[in-house]
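These notes concern the structure reproduced below.
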């Protein structure tokens, strides 16, 4: 009897510890996954998405113009011109979609994009090329994620259609931006090596 009682006690303790460990594991798992389960883009309404897309278009056009003027690498100049053409077209399509649903779009850059423009306008040469290319990769990666979400989860038909139709263009821009960034980064490395050999 005593032996059976001891075995029962051990089993109960084992179950207690197992349950506690499982609960702790569940808690850690939930906390770890929580930031990923609530990305900022999920909280964006259709009208908010439209305004943010508008700001992005305005920024890409203005920064593209700047790249055409200041870039020293032809690939960066060509990319800038491409941004001006494509984002002017995207802006026209967005305005058409927004008009259907009485969404008012801002007519100028937001503060963050203006700060980016001001920062890049002070650069020149390869420093400008690299900074512009990095911003284009970072910006288009965020745009692709937001447009993809709106294209699948949007509620407003006109804005949702705009996002779906524009998404492939943005995905192509992201690929091009990454290619340009690799190009100007390689150019910088080559220039540094040549300078080092010359100095030696």
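Readers should treat all values here as calculations from the given coordinates under stated rules, not as data from a laboratory. Every value quoted in this text rests on a predicted model; they were computed, and no experiment measured them. Cβ sites come from the backbone with ideal geometry, for glycine too, and all protein chains shown count toward neighbours.
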| query | What length, rounded to one decimal in nm, is gained on full extension from residue 88 through to residue 149, with 0.36 nm per residue of separation minus their alpha-carbon distance? | reply | 19.7 nm
| request: Kindly give Rg over Rh for region 52-200, based on alpha-carbon atoms, with the Kirkwood expression for the hydrodynamic radius. | output: 1.06
| message | Could you order the peptides 117-124, 90-97 from most to least packed, using the average number of other C-beta atoms within 10 Å per residue? | response | 90-97, 117-124
| said: Suppose the chain between residue 99 and residue 47 were pulled fully straight at 0.36 nm per residue; how much longer would it get relative to their current alpha carbon spacing? | reply: 17.6 nm
| said: Taking 0.36 nm per residue of sequence separation and subtracting the Cα-Cα distance, how much length would be gained by fully extending the chain between residue 172 and residue 81, in nm to one decimal? | reply: 31.3 nm
